[in-house]
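The values are calculated or read from the model by the stated rules, or taken from the named source; none is laboratory data. These numbers were taken from a predicted model, which means no experiment stands behind them. Every residue, glycine as well, gets a Cβ built from its backbone with ideal geometry; the counts of neighbours run over all protein chains shown. Side chains included, ligands, DNA and RNA excluded: accessible areas come from the protein's heavy atoms. Shrake-Rupley method; radii C 1.70, N 1.55, O 1.52, S 1.80 Å.
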Amino acid sequence: GTFTYDHLSPWRSVFRGTAAHNTVRVGGTDQADPAGAFGWQKLPNAFVRNWKTTSNADFLDAECRYRDVRHRRRVFFWKPGLLFVLDDVEYGGAAVEQFWHPAAPVRKLTPMSFGLGHAGTLLLAPGNSPAECFEGGEFGWRSEVYGSKQPSPVIVMRRQGAGQFGSVLVLSMPDFSGALELVQVGEDIRMALTGPLQSSVTFPREGFPRFVGWRGSWPE
């Protein structure tokens, strides 16, 4: 949000809005309503449902509620290089968008996977529409210092109405060859990663996920 602090400028809303962050937006509206240059009103209710760390994995289960939206995000980090993100959105009818702002050059490897500079590869589970990647426009901007803005890559997934987004970051492997699948198994949701690090994470309705697959040393 550092490009401008002038609340009368439309760029102030662009740079501090929900779409400028690595999260989901529902119905084209922000999670709260701007109130002047720095304030917000109608704040969301955000809270942690579960947090656990072990020698092999970290797990965060958090929830954000605002208006009639319930957004639950579960993040499972299988150390040292697989970061699984499951977004579960409950809201009827409206379009839901998931944003990724890597702040690094992006290479489209497949329709659903992207190399992020030297940081790694982002893989997305198929949704209602193909993933988009662009710079500039409505969402693709960054500001490194006050008063300066530059086009910057943004990756967007869209779906209609309630449902899940599945994503995985394969860290330190910017040209990872694989794909991600999201499968509903009863009340559980399984994210399956194919390719050299073939593995899966099953998220139960409540509690710590179950990981099956890669357990070797991380590739150099």
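Below, the figures for the structure above:
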read-out: Hits in segment 139-155 - residues which are in a loop (DSSP other than H, G, I, E, B) and open to solvent by 60 Å² or more (accessible area, probe 1.4 Å); value: E144, V145, Y146, K149
read-out: Check on S217, more than 18 Å from the chain's Cα centre (by Cα) and either without any contact (Cβ under 8 Å) to a residue 24 or more places away in the chain or assigned to a strand (DSSP E or B) (or both); value: yes
read-out: Residues of segment 1-44 classified as of a type outside the set (G, A, S) and farther than 27 Å from F84 by Cα, total; value: 18
read-out: From the options V170, V154, residue that is β-branched (V, I, T), under 21 Å from K79 (Cβ atoms) and within 18 Å of the chain's Cα centre (by Cα); value: V170
read-out: Residue satisfying condition, being more than 24 Å from V69 (Cβ to Cβ), small (G, A, S) and either in contact with an Asp or Glu (Cβ under 8 Å, 6 or more places away or on another chain) or open to solvent by less than 60 Å² (accessible area, probe 1.4 Å) (or both), within set G136, G186; value: G136
read-out: Segment 170-195: number of residues that are in contact (Cβ under 8 Å) with a residue 40 or more places away in the chain, in a loop (DSSP other than H, G, I, E, B) and either closer than 15 Å to D88 by Cα or of a type in the set (S, T, Y) (or both); value: 2
read-out: Counted residues, segment 91-110 - those being touching a residue at least 60 places away in the same chain (Cβ under 8 Å) and either surrounded by fewer than 16 Cβ atoms within 10 Å (Cβ to Cβ) or within 14 Å of the chain's Cα centre (by Cα) (or both); value: 11
read-out: Restricting segment 156-172 to residues that are open to solvent by 40 Å² or more (accessible area, probe 1.4 Å) and under 21 Å from N22 (Cβ atoms), the residue that is modelled with the highest pLDDT; value: L171
read-out: Pair list, Cβ < 7 Å and 6+ apart or interchain, from segment 147-160 residues that are touching a residue at least 60 places away in the same chain (Cβ under 8 Å) and among the hydrophobic types (A, V, I, L, M, F, W, C) to residues that are open to solvent by less than 50 Å² (accessible area, probe 1.4 Å) and assigned to a loop (DSSP other than H, G, I, E, B); value: M157/G127; M157/A131
